[in-house]
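Data block below; observations after.
Only the coordinates and a few stated rules stand behind these numbers; no lab work does. Being a predicted model, the structure only gives us computed values, none of them experimental. Note that each Cβ is placed from the backbone with ideal geometry, even for glycine, and that neighbours are counted across all protein chains shown.
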Amino acid sequence: MSSGRSSQTSARSGRTSTDPPAWTSPIAWCTLVLVAAFGIGLDLWSKDWAFRNVAERPVVLDRDVILADSDWRPPPHQGMEVLPFGLLDFDLVMNHGAVFGIGQDQRTIFIAFTITAVTLAIMIFAFGTRARSHALHVGIALILAGGIGNLYDRILFGAVRDFLHMLPGWDLPFSLNWPNGSAGMFPWVFNVADMLLLLGMAIIVFMTGSQKGPVSRDGSGVEERDRIVDSENHLGG
């Protein structure tokens, strides 16, 4: 038993020396910064383009007016069909809640939560992942991009600019309704930042699950599990 424990300890020490924490790796930091910067740029550009082109005339946003009226919305407009058969439209909405409009009128709470989440994500990247965990770094960067993109809107405009509406002409079967009373198949309007958040979380969940597979003969399974355990320990404080 002692020899097996010693071999695992030595294997882990060897792995640590060859694959150090991400905060020591310039490549890991470049991956995080470049992916996050691209995601933030794409999100902000797409919102700006939509609010200038989807309606009949550009929609000008006044932060003071939006903050004074929690139900403020862009002027009525026809929207823009993007995909046929009612699969996707562009429709301008100001979201005073979180992803897909959840939790309306909680702007201060969402700003504080986003700042905390961004800080925690950077700490997990730096101390909870390894230099070669490139897929995890991409996932964390996408989450950062989505969070910062929506945080920018909340601070600058008082609400988040949404414009992507999936299945706008489709209704739930059997005359069913969502708890909010909507009969639409997908009644929520979202943006690129929301997509980046969900994609980043999916990558992290997938990578975490795949790295908890069976232990291989060369001990690589133990090493991969150790990496995830390290991340979970930092998450738990």
ask   = From the square roots a ≥ b ≥ c of the eigenvalues of the alpha-carbon gyration tensor of region 38-189, which class results: rounded (a/c under 1.5), prolate (a/b over b/c), or oblate?
value = prolate
key: Burial ranking of peptide ranges 66-79, 148-161 (average Cβ count within 10 Å, highest at the top)   = 148-161, 66-79
note = Descending packing, highest mean Cβ count within 10 Å first, for 187-199, 82-94 is 187-199, 82-94
ask   = Going highest first, how would you order 174-183, 53-62 by mean Cβ packing within 10 Å?
value = 53-62, 174-183
